[in-house]
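Okay, so here's the structure we're looking at.
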Amino acid sequence: MQSVVKVLRAAAAAAAVVIGGGLSGAVGLALAQGTATTAASEGRALDDRLLQAREAFRKKDRARLQVHRDTLVNARHPLAMWADYWELNTRLAESNQAELDAFYARWPGTYVEDRLRNDWLLELGKRRDWRNFATEYPRFKFNDDREVSCYALLLRHHVGEDVRAAARANWFLQRDGDTGCTLLVTTLYNARQFSASDVWLKAREAAEAKRLNAARQALTVLGEDAGAVLTELFEQPQRYLTQRADTESRQGAEFTAMALARLAAGDPAAAAVELQDRWQRRLPPDVAAWAWGSVGRQGAMRLLPEADGWFQRASESAGNGSSSARDVDWNDDTLAWRVRSALRATDAARWQRVLDAVAGMGASAQADPTWVYWKARALKATAKAGAEGDAQRTAANVLFERIAGQLHFYGKLAAEELGRPQTLPARPTALTAEERTQALRQPGLTRALALIALGLRSEGVREWNFSIRELSDRQLLAAAQRACDHEVWDRCINTSERTRQEIDLAQRFPTPFRADVVAAAQDVGLDPAYVFGLIRQESRFVTDARSGAGAAGLMQVMPATARWTAKRLGIPYTADLLTDKTTNLRLGAGYLKLVLDDFGGSQAMAAAGYNAGPNRPRRWREGPVMEVAAWAENIPFHETRDYVKKVLSNASYYAAVLGGKPVVDFKSRLSPLVGPRAVDAPVENRQLP
């Protein structure tokens, strides 16, 4: 763990070197070196104080926190504002505007000023102090808190603005209930700007997602005390449907739909039988259509072949004679699973169902490269032969062109569809001394690196992200390079990825520990680019990275997997070696090779197995034989789905970078097709953990 003083001294020294011998740079370097011995000792003691302050904040020990805060502020420690923030945050409910204004004056322009303003806005909303809220809100720079946004919309409503659309979108995106958004919706409902149907739909979606508190809080808007009913239908949906459900009232129909959604979450086929045999004709058409969509979504997430048909039943239930998903009130996530279920189908009409589902999505979802790509594929597949289909094929190519230059999974697929594999962007002009110096003089970046060096990575990442939020491409490249130079690879990569026009692949796809990674890969017969692509996604090259599940090191190896692999491959191993760079690479690469061999060389399935365990992709490969892109898009777990696409994409760029090639070869990573294991294939290695 480096001291803050050491990080600051390094920054001063680097600035002096970059400036090139000017008086101010030389003085800065001399000062940093001249006070090094004394400052280092004092600095370490104060750094310990900061860590103790963070622990006191976590434990809500106000007395200890106050002492640490006073010591750090009086000593003018470079990170004292964090202790000041933690201390004031613990007593925010008892604070007043004057105290907050004094804090802002002490730490103007810093991340903690904005973070505390976020916390204070929530407190002001709870107090219904709209005068101070109106003053504070325009100064909130990050503006990334949904509850604060709800309070702000409520304030706009009070001055006569129409906020219905924004309020509805905000509320429906909210995962859990909170005071601000519930107050906003209740106010709009009482003003007849929200309908009971809006509220019931929100409660249904909460039930579908197994968010009991959110469902309960939504129904308080209607004055419903539904706690006992919701608890029963959440915990025992089949019993509720058998013993208590009724459709005589709208309330009864809505609770029945929620019970069907909860039943579908555990057993989609049973829910489909219930709908077909008992409830479809008794529910209002819009509610029945929604319920079929819920059943279809759950079936699609289990890769059931019936899911596509269950989605089609929804359109029949809508009662309007249309087969369009646009006529059913589904959210974007349900529509995404509608697309995925159609991609698993084998009939020619599946592409029209893809078009329908994408057309039903909101504007932001339709703009997502995933659905741009599959809409373009569907347009191309449904275009008529000859001149009659030329306009539709042109429309498909326009969509492919929109994303073909983007550096991600679907960007490369779109480029392939256009018949021109991606070429690597030219490297930007080298950073000037002045650009590098400006990054070195950015106090927020310096604080972020100091926090990370102290082990306060979460705080450091937040400080860093706040500091780069408004930077130009050139400034982002300079900030990214500063992180690269400090070997803080996650900030290096993530910062460089924010540039729009100037793309530095050396920053976006760095190769730290290159000799070690290449050696570990080649020792077991793996493509080094594939290993680099996986490490970039697993740990961002943070050697001491640890996941909540216990995975550790560059390749995020689980302890049990490490022990098994070490024994299988004869690698000397003790628990303390899990984060040792060389050992972690040998274990991770060795395990990846075993998984890859078990899946017949499929990099997509091996990546899925590395992330989610090999048993899951064994199940996911069952069903129709599919192209890799469609199979990857159908992976039920969001994390693994995103992981597989990014590992394959990363690997293709690393292959180009490592091989010095200007063209990205993606096709070779998208074979073989994915389907059930061939009857003549080797027996599965069921010992793989």
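The values are calculated or read from the model by the stated rules, or taken from the named source; none is laboratory data. Small disclaimer: the values here were computed from a predicted structure and weren't measured. Note that we place each Cβ from the backbone using ideal geometry, even for glycine, and neighbour counts take in every protein chain shown. Surface areas here come from the heavy atoms of the whole protein model, side chains and all, with no ligands, DNA or RNA. Shrake-Rupley method; radii C 1.70, N 1.55, O 1.52, S 1.80 Å.
Data for the structure
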quantity	calculated
Total residues in the stretch 598-610, condition touching a residue at least 40 places away in the same chain (Cβ under 8 Å) and either open to solvent by less than 10 Å² (accessible area, probe 1.4 Å) or of a type in the set (Val, Ile, Thr) (or both)	5
The one condition in (1) open to solvent by less than 30 Å² (accessible area, probe 1.4 Å); (2) modelled with pLDDT of 95 or more that ALA655 fails to fulfil	(1)
Boolean, GLN537 is under 24 Å from the mean Cα position of the chain (by Cα), at pLDDT 95 or above, within 19 Å of ALA655 (Cβ to Cβ) and not basic (Lys, Arg)	yes
Test result for LEU173, at pLDDT 95 or above and either under 30 Å from ALA196 (Cβ atoms) or open to solvent by 80 Å² or more (accessible area, probe 1.4 Å) (or both)	no
Options LEU263, LEU222, LEU230; residue that is more than 25 Å from PHE311 (Cα to Cα) and buried (at least 22 other Cβ atoms within 10 Å of the Cβ)	LEU230
Search result, residues across the stretch 49-81 that are of a type outside the set (A, V, I, L, M) and open to solvent by 70 Å² or more (accessible area, probe 1.4 Å)	ARG49, GLN52, ARG58, LYS59, LYS60, ARG62, ARG64, ASN74, ARG76
Per-region count, the stretch 453-470, residues within 19 Å of ARG44 (Cβ to Cβ) and hydrophobic (A, V, I, L, M, F, W, C)	3
Boolean, ALA448 is open to solvent by less than 20 Å² (accessible area, probe 1.4 Å), within 30 Å of PHE666 (Cα to Cα), in contact with a helix residue (DSSP H, G or I) (Cβ under 7 Å, 6 or more places away or on another chain) and among the aliphatic types (A, V, I, L, M)	no
Elements of type helices (runs of 4 or more DSSP H) contained in the stretch 5-120, each with 3 or more residues being at pLDDT 95 or above	36-58, 62-74, 80-89, 97-106
Per-region count, the stretch 562-585, residues among the aromatic types (Phe, Trp, Tyr) and within 14 Å of PRO689 (Cα to Cα)	1
Helices (runs of 4 or more DSSP H) lying entirely in the stretch 411-524 (those with 1 or more residues that are of a type outside the set (Gly, Ala, Ser) and in contact with a Phe, Trp or Tyr (Cβ under 8 Å, 6 or more places away or on another chain))	443-453, 457-467, 489-496, 505-508, 514-524
Failed condition for ALA271, given (1) within 15 Å of ALA314 (Cα to Cα); (2) open to solvent by 10 Å² or more (accessible area, probe 1.4 Å)	(2)
Residue list for the stretch 241-254, filter: part of a helix (DSSP H, G or I), open to solvent by 10 Å² or more (accessible area, probe 1.4 Å) and either under 12 Å from LYS210 (Cα atoms) or of a type outside the set (Lys, Arg) (or both)	THR242, GLN243, GLN251
Scope the stretch 105-124; condition open to solvent by less than 40 Å² (accessible area, probe 1.4 Å) and either farther than 17 Å from PRO138 by Cβ or touching a Leu at 6+ places or on another chain (Cβ under 8 Å) (or both); matching residues	THR110, TYR111, VAL112, LEU116, ARG117, ASP119, TRP120, GLU123
Index of the failed condition, GLN392 passing every other in (1) open to solvent by 40 Å² or more (accessible area, probe 1.4 Å); (2) in contact (Cβ under 8 Å) with a residue 40 or more places away in the chain; (3) assigned to a helix (DSSP H, G or I)	(2)
Leading residue by the ranking (farthest from LEU456 (Cα to Cα)) among those in the stretch 538-578 that are assigned to a helix (DSSP H, G or I) and of a type in the set (Asp, Glu)	ASP576
Matching residues in the stretch 186-215 - criterion: being farther than 24 Å from ALA259 by Cα, open to solvent by less than 50 Å² (accessible area, probe 1.4 Å) and part of a helix (DSSP H, G or I)	THR186, THR187, LEU188
Check on ARG262, touching a Phe, Trp or Tyr at 6+ places or on another chain (Cβ under 9 Å), in a helix (DSSP H, G or I) and of a type in the set (Lys, Arg)	yes
Residue pairs meeting the criteria (Cβ under 6 Å; at least 6 apart or on separate chains; first open to solvent by 50 Å² or more (accessible area, probe 1.4 Å), in the stretch 494-506; second in a loop (DSSP other than H, G, I, E, B) and not aliphatic (A, V, I, L, M))	GLU502/PRO428
Residue check for ALA549: surrounded by fewer than 19 Cβ atoms within 10 Å (Cβ to Cβ), closer than 27 Å to ASP642 by Cβ and of a type outside the set (Ser, Thr, Tyr)	yes
Odd one out for LYS661 among (1) within 28 Å of PRO425 (Cα to Cα); (2) at pLDDT 95 or above; (3) open to solvent by 40 Å² or more (accessible area, probe 1.4 Å); (4) of a type in the set (Lys, Arg)	(2)
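For (1) under 17 Å from TRP489 (Cα atoms); (2) basic (Lys, Arg); (3) in contact with a Leu (Cβ under 7 Å, 6 or more places away or on another chain); (4) open to solvent by 40 Å² or more (accessible area, probe 1.4 Å), each residue gets a yes or a no:
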| position | (1), (2), (3), (4) |
| --- | --- |
| LEU407 | no, no, no, yes |
| GLY444 | no, no, no, no |
| ALA453 | yes, no, no, no |
| LEU456 | yes, no, no, no |
| VAL461 | yes, no, no, no |
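Listed here are the residues, each with its yes/no results for (1) open to solvent by 50 Å² or more (accessible area, probe 1.4 Å); (2) at pLDDT below 95.
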residue: ASP576; (1), (2): yes, yes
residue: GLY590; (1), (2): no, no
residue: ALA612; (1), (2): no, no
residue: ASN615; (1), (2): yes, no
residue: ARG618; (1), (2): no, no
residue: GLU622; (1), (2): yes, no
residue: ALA629; (1), (2): no, no
residue: ALA632; (1), (2): no, no
residue: ILE635; (1), (2): no, no
